[in-house]
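Let me begin by presenting the structure, written as structure tokens, before commenting on it.
The values are calculated or read from the model by the stated rules, or taken from the named source; none is laboratory data. Just so you know, these numbers come straight off a predicted model, no measurement behind them. Because the Cβ atoms are built from the backbone with ideal geometry, glycine has one as well, and the counts that use them run over all protein chains shown. Ligands, DNA and RNA are excluded from the accessible area calculation, which covers all protein heavy atoms including side chains. Shrake-Rupley method; radii C 1.70, N 1.55, O 1.52, S 1.80 Å.
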Amino acid sequence: MKKVNVFLPCRKGSERVPQKNIKSFGGFKNGLIEIKLKQLINSKYIDIIYLTTNDDEILDYAKSLNNQKIILHKRLEELSSSQTSTDDLVAHALDLIKEGDILWTHVTSPFLTADVYDQIIEKYFSEQKNGYDSLMTTNLMHGFFWNKRNPINYDRSIEKWPRTQTIEPIYEINSAVFLTNAKIYQSLNDRIGRIPYLYPLDKIQGFDIDWQDDFNIAQAIIRSGLVSL
């Protein structure tokens with residue numbers, strides 16, 4: 001099994017949850033960044049972790065780990081605002097990782113353990129023989145989904161309220177993992193290819209911390225013993 005390199009963007013501060021990435025969380029003094037680096041370091045298929053941030057506190061913490069898997073990059077402020085586009089970060093990722101397979105992940109997915117990362121990486125490589133050129137993680141949604149006027153995943157002219165088990169599911173991108181080769185970044189200016197494999201996570205694995213409520217719920221999940229970090 002080949003190894004992959006990780007692109008881990010982690011900007012300073014947060015408009016929704018102040019100091020979200022490094023404030024104490026779930027019994028970890030350095031919070032989400034501490035959890036994520038531990039998970040990535042323990043993955044058997046991850047080679048190098050490129051941590052790019054404009055937060056000196058995060059840089060100091062990561063440096064204190066003295067782990068050869070981690071390469072630190074002080075990100076420019078113009079690439080670190082809430083207005084920075086994903087397209088700009090795609091180019092930034094390619095500047096840091098010029099070849100090989102790139103796994104893009106975030107600290108805001110704290111329940112994605114080393115074992116789950118390894119399963120995702122194994123699936124990425126195994127599905128290449130089936131024509132997939134990339135992978136992204138999703139939440140598999142079974143339910144009634146509408147736009148403003150009509151349902152989008154079932155036909156009311158056939159059955160007004162079908163059983164949810166028979167409705168075609170919707171894949172919600174949860175941004176926990178995007179995985180493809182640097183050649184895709186070069187040719188498409190994107191972090192996925194033309195034929196991405198949609199990898200469903202369970203509700204806890206795919207949990208993303210965006211708002212203060214998410215932060216509080218995630219801590220409650222840890223306190224309940226539903227996960228082990």
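A few notes on this one:
- Where labels lie 7 Å past Cα in the beta-carbon direction, separation of Thr164 and Lys74 in nm: 5.0 nm
- Using heavy atoms of the protein chains and a probe of 1.4 Å, the accessible area assigned to Trp104 is about 0 Å².
- The modelled label-to-label distance between Lys129 and Lys29, using points 7 Å beyond Cα along the C-beta direction, is 4.8 nm.
- In Å, descending, principal axis extents of the Cα set of segment 104-229: 45, 43, 24
- Rounded tilt (10° steps) of 114-127 against the dominant C-alpha axis of the chain: 60 degrees
- Of the beta bridges in segment 70-229, as assigned by DSSP with both residues counted there, near 70 percent are antiparallel.
- Only alpha carbons enter this Debye calculation for segment 1-58, each as an equal point scatterer, and the log10 of I(q)/I(0) it gives at q = 0.19, 0.29 Å⁻¹ is -0.71, -1.20.
- Area of Tyr199 that stays accessible when all protein chains are in place (1.4 Å probe, Å², to 10): 40 Å²
- Summary value for the chain: 24 percent relative contact order, contacts being C-alpha pairs under 8 angstrom separated by 6+ residues.
- Heavy-atom accessible area order for Lys160, Lys183, Lys36, Lys74, largest first, 1.4 Å probe: Lys183, Lys160, Lys74, Lys36
- The long axis of helix 212-224 is offset from the longest Cα principal axis of the chain by roughly 90 degrees.
- Per-residue ellipticity at 222 nm computed for the chain from its helices equals -8500 deg cm²/dmol, with DSSP H segments shorter than 4 residues left out and the rest contributing -39,500 (n - 2.57).
- The long axis of helix 31-42 is offset from the longest Cα principal axis of the chain by roughly 90 degrees.
- Pair Asp115, Asn153: separation of 7 Å Cα→Cβ label points (nm): 2.8 nm
- Per residue value of the accessible surface for segment 1-143 (all protein chains in place, 1.4 Å probe), Å²: 45 Å²
- For Cα Rg over 2.2 N^0.38 Å, calculated from these coordinates, the label among (i) 1.14; (ii) 0.98; (iii) 1.07: (iii)
- Cross-link reach list, aspartates and glutamates versus Lys98, counting only Cα pairs under 18 Å and skipping chain neighbours closer than eight places: Asp47, Asp87, Asp88, Asp133, Asp190
- Sites Ala182 and Asn216 - FRET efficiency at Förster radius 35 Å, r taken between beta-carbons, to 0.05: 0.40
- Filter on Lys20/Lys63; Lys36/Lys203; Lys44/Lys183; Lys69/Lys203; Lys2/Lys44 - keep pairs with C-alpha separation over 21 Å: Lys44/Lys183; Lys69/Lys203
- Ranking Asp88, Asp95 by solvent-accessible area of protein heavy atoms (1.4 Å probe, all protein chains present), from largest to smallest, gives Asp95, Asp88.
- Whole-percent carbon and sulfur share, accessible surface of the chain, 1.4 Å: 48 percent
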